[in-house]
1. Please specify each residue of the range 130-156 satisfying the condition of being part of a strand (DSSP E or B), crowded, with 22+ Cβ neighbours inside 10 Å and away from the ligand (no atom under 13 Å from the Cβ).
2. Kindly indicate whether any position in the range 258-276 is in a loop (DSSP other than H, G, I, E, B), out of contact with any strand residue (DSSP E or B) (no Cβ under 6 Å at 6 or more places or on another chain) and surrounded by 22 or more Cβ atoms within 10 Å (Cβ to Cβ).
3. If residue 402 passes every condition in (1) in contact with a strand residue (DSSP E or B) (Cβ under 6 Å, 6 or more places away or on another chain); (2) on the phi < 0 side of the Ramachandran plot but one, which one does it miss?
4. So, residue 168, is that one more than 24 Å from residue 74 (Cα to Cα), within 16 Å of the ligand (Cβ to nearest atom) and in contact with a strand residue (DSSP E or B) (Cβ under 8 Å, 6 or more places away or on another chain) or not?
5. May I ask you to list the residues in the range 86-112 that are touching a residue at least 40 places away in the same chain (Cβ under 8 Å) and more than 16 Å from the ligand (Cβ to nearest atom)?
6. Please determine, by comparing only the residues of the range 116-129 that are assigned to a helix (DSSP H, G or I) and touching a strand residue (DSSP E or B) at 6+ places or on another chain (Cβ under 9 Å), which one is farthest from residue 81 (Cα to Cα).
7. Being under 18 Å from the mean Cα position of the chain (by Cα) and either buried (at least 22 other Cβ atoms within 10 Å of the Cβ) or without any contact (Cβ under 8 Å) to a residue 12 or more places away in the chain (or both) is the filter here, so list the residues in the range 295-304 that pass it.
8. Please count how many residues of the range 44-79 are assigned to a strand (DSSP E or B) and within 23 Å of residue 126 (Cα to Cα).
Ligand code: SF4
């Protein structure tokens, strides 16, 4: 994507010319005010704010019993605990100082594995396992291995299954790394966000480069084949210089993948974000510039830009999937996981079944009560209809391929592109402003439109207009 034709790359190159920069800033400001409205991240469609209590444990049991047939599934396990609160955190987690609640959770998670598998009509084939949180490495190494073994008992986990774990490098012990080796972990994602100490202090997550490096080397030594580092822009005190330095340090560790997320400041939803000094946060314009220079630096370090916010080595499976139109998007972001069924375990975990989405109770206490009583912990969800399936496919292709052939996707669902006549009209301002190219039924994001892809996807979101949910900024 880098090069003279890429407006994002150009933004960094014209910095020397004050007149050109002024013009570009005015253009970016106008585009952000026109299209930068809060929109979902589209890791699902319909998105989570539309889930409702009409989908409960009974409905989830019914859907599981109907079975995903012979489709392979993925399993997501949510560990809802951390040892220290990062003020930017947008995850479902609780801070714990003692080991007991975590050990009790580990025991209940094993019961939930048995419970969910018992509702399925057959021993379910599983090709992907993803541990997220919270902090999965807050579990004891023994509990981590026991839970993984329990998964293998109740599900037919493929011998070559991807087993991915999100990790906090500050608390990653050598015993846990050995447990990862024993459990067959193939991929680890390390939370970094920013290496600048002033930025780290401002978000209450201080971790040195040496800590991250030690974790990366240790994981490599334990046979983990793929490492991802999570970075973040839009944090307090970040400047183009600090974020470039962070990218350089991250790249020096040679991870296969790097994710670059925009900080979502939503203190009305995540009250602890009020601890962040808002006066130190970059404004929309500065966020755009931070994202731009970081993207450009990642590309210059040899990473290919995947979708909205992922970067991968040219020979990485994620890059190959993106090149061949096989990239997928799910609750964990961009993935090569092609399964249509996701079994979500643990508090707040979301599952995807052929009939719709189901979500567990968010509060660990409510989740634990259900599991102790031998009930599924589902408290909400949404059934999806044919129109949802079609729109989900359109939005996914747009978010993954940066383009979508409306006619081709519609035909795959027994519909026609005429379904999207109103959406094509609604794209007119995007076309006029150079964000989208519309050629018949082909919708293509331009380089200028790429950072605003969520706003383009929102045009196809039939549920959004009726929603009062407040999302994060589009860039
Ligand atoms: S480690 Fe992750 S989940 Fe835990 S508080 Fe920090 S950002 Fe949130």
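1. 130
2. Within the range 258-276, none of the residues are in a loop (DSSP other than H, G, I, E, B), out of contact with any strand residue (DSSP E or B) (no Cβ under 6 Å at 6 or more places or on another chain) and surrounded by 22 or more Cβ atoms within 10 Å (Cβ to Cβ).
3. Unmet condition: (2).
4. no
5. 99, 103, 104, 106, 108, 109, 110, 111, 112
6. 117
7. Across the range 295-304, the qualifying residue is only 295.
8. Selection size over the range 44-79: 7.
The values are calculated or read from the model by the stated rules, or taken from the named source; none is laboratory data. All values derive from a computational prediction rather than experimental measurement. Backbone-built Cβ (ideal geometry, glycine too); neighbour counts: all protein chains shown.
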